[in-house]
C-alpha cells in the first residue's frame, strides 16, 4: 500500500458497512468466484452475535474482517463441513449457551497484507473468547497452496512440511504463528475451494482461563496470598505456651487475609529441652508424643482464623518406625498428611528416622499444591512428578543449621520454580537451642520464588525475609500467570520435554 497510513481502527461491523464489505470480500477471495456473504447473512450475524463481527479499517476504509458464531461444540463431530457448522449458511447453529467460538470468516485485502492486521483480528477473537468464558476458538483453515502438491503429498504430509517450513502456505503459516494448533484434516470442508482441494485443517486455540460453569458456590481462588512464618527457636514452658506463640502468628497472617500459613520443619524442637538428659534418639521419640495434640490444635486454628495451615513438620512414630511428617489443615476442617521421603544422613544416624512413601498433590480452595520437606526439594524428580499432577504452588518447610545447608535448600527450591513453572515458598527457623542436643543453631531466610519470564520478577524472587530474624513474610501470587506461562512463555520447560526420549513415573 503506497498511501500514507493515518489511522488504523478495529471496530464493530454494522449493516451500513455492507456494500464496502462485499467489495472487500470479492477483492480478498479473487480465486473463489462469488465468495461473499449476502446482506441478509450479515444482518443475521449482527442480530444474533454483534460482538463477534468486527472489521479493521485503515484510513476509514475496510481492510479486513472477522466473523464468528458461538457453538455448543459437542453437537458437532470434528469431521464436519462448513455447510454443517453454519446450519446450511443460516447460522441457526449459533447459541449463546455454547462453549466454543467458531470462526466463520477472516480476511485481509491483498493491498493491506504485511501490516499484521490479521493478528489484530485474531487477538480480538482471543480477548472475546476469554471475556465470554468460552473454552476455545475453532475454525477450518484453508490450505490454498495445497493444489500445487496434491499429486505428491497427502494433506497430512503437506501440513507437516508447512510446519517444518519446507513449504510456504500463507494462511496456515499465519494461523500456526498465532498459537493455533491443528486437530485434524477435514475432507470436503468448503465446496468450490479448488486451491485447497476442498481440504481444510481444523485449528484450535485453547482459552487457558476458561472455567467450566459450576452450579455450586465453591470457587478456586486465582490470586493467592501466602503467609510464611520465619520462626524463632526459643524455650517454652509447655505445649500450651508454644501454641500461644503459634496462634499469635496465625492471627497475624490471617489479619492480612492470607490464604496459607507455612511453618518450618521441626518448629516444635524446643519442647525436647525437657528430655535433654536422654539420648537424642529417645528425646525425639518423646517429642513425637505431642504431634497428635498439636495437629488438632492447628486444625482448630485453621477453621477459626479461616486460613489453610501447613504445620511444618514434626516427628511421628508409626509402629516402631520414626518418621518426619507434617499436616495440611484446611480451613474447611479437613486434614491431610505428608511425609519427608528423603531423610538426611544425620536424621537417620542420630535419630533413627526413616523416609516416608507418600508423594501427592493436595486440592485446596486455591488450586493444587505440593509440599516437600527440606531435603526432599533437592531431588528434582519429586517436584516434577507433582508438576505433572498440576501443582501450582510448592511449599517447603525446612530446617538448616548452617548457611551451607540453607544454600542447598534455597537454590534447589528456586530451580524447582523455574523448571516446573510454579511458585515455591520456603520457610525456616532462626536462632538457637543450647539446651537441645543436635538442634543447637539455625540459619534461615524464608522466600517465595517464581519462574523467570516477563510476567514475573527478573531474578525469580517474589519476596524474601530478612535473614536470621523472626518475622512473617507475605506475598501474593497469581495462578493465572502460570497458565499463561505454560502456553505462551518465552520457553516452555514443561511442554518442551523430550518425552520421546525419556519419562518419569512413580513406582
Checklist outcome for this item: If the chain between residue 31 and residue 88 were fully extended at 0.36 nm per residue, the gain over the current Cα-Cα distance would be 18.3 nm
Item to check | Chain lengthening between residue 306 and residue 337 when straightened (0.36 nm per residue, less Cα-Cα) | outcome: 9.2 nm
Checklist entry - Exposure proxy check: 21, 399, 501, 202 ranked by fewest other beta carbons within 10 Å? => result 501, 202, 21, 399
Item to check | Beta bridge orientation in the range 223-488: antiparallel %, DSSP, nearest 5 | outcome: 60
Next on the checklist: If I model a spin label as a point 7 Å beyond the Cα along the Cα-Cβ vector, how far apart are those points for residue 161 and residue 402 in nm?
Outcome noted: 6.4
Checklist outcome for this item: For the range 223-488, the convex hull over Cα atoms projects on average to an area in nm² of 12.6
Next on the checklist: Calculate the FRET efficiency for residue 208 and residue 75 from the Cβ-Cβ distance with a Förster distance of 22 Å, rounded to the nearest 0.05.
Outcome noted: 0.35
Checklist entry - Where in the range 77-95 does the amide nitrogen come within less than 14 Å of the point 7 Å from the Cα of residue 47, taken along Cα to Cβ? => result 90-94
Checklist entry - Under a point spin-label approximation (7 Å from Cα along Cα-to-Cβ), what is the residue 441-residue 16 distance to one decimal in nm? => result 7.9
Next on the checklist: Given R₀ = 45 Å, what would the calculated FRET efficiency be for residue 194 paired with residue 223, taking r from the Cβ atoms and rounding to 0.05?
Outcome noted: 0.30
Item to check | Normalised alpha carbon radius of gyration of the chain [divisor 2.2 N^0.38 Å] | outcome: 1.27
Next on the checklist: Within a 10 angstrom radius of the beta carbon, how do 91, 249, 398 rank from fewest other beta carbons to most?
Outcome noted: 91, 249, 398
Checklist entry - Could you give the distance between the Cα centres of the range 326-360 and the range 113-159, to the whole Å? => result 50
Checklist entry - Would you list 430, 448 from fewest to most Cβ contacts within 10 Å? => result 430, 448
Item to check | Percent of beta bridges antiparallel (DSSP, the range 330-460, rounded to nearest 5) | outcome: 45
Checklist entry - What Kirkwood radius, in Å to one decimal, follows from the Cα pairs of the range 65-144? => result 13.5
Item to check | Alpha-carbon centroid distance for the pair the range 236-311 / the range 451-490, whole angstrom | outcome: 27
Checklist entry - Each label point is 7 Å from the Cα along the Cα-to-Cβ direction; what then is the distance between the points at residue 389 and residue 488, in nm? => result 3.0
Checklist entry - Expressed in nm to one decimal, what extension gain is obtained for the pair residue 23 and residue 292 from 0.36 nm per residue of sequence separation less their Cα-Cα distance? => result 89.1 nm
Item to check | Helix-derived mean residue ellipticity, 222 nm - over the chain, DSSP H n ≥ 4, -39500 (n - 2.57), to 500 | outcome: -8000 deg cm²/dmol
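Only the coordinates and a few stated rules stand behind these numbers; no lab work does. For clarity, every value in this text was computed on a predicted model and none was experimentally measured. Note that each Cβ is placed from the backbone with ideal geometry, even for glycine, and that neighbours are counted across all protein chains shown.
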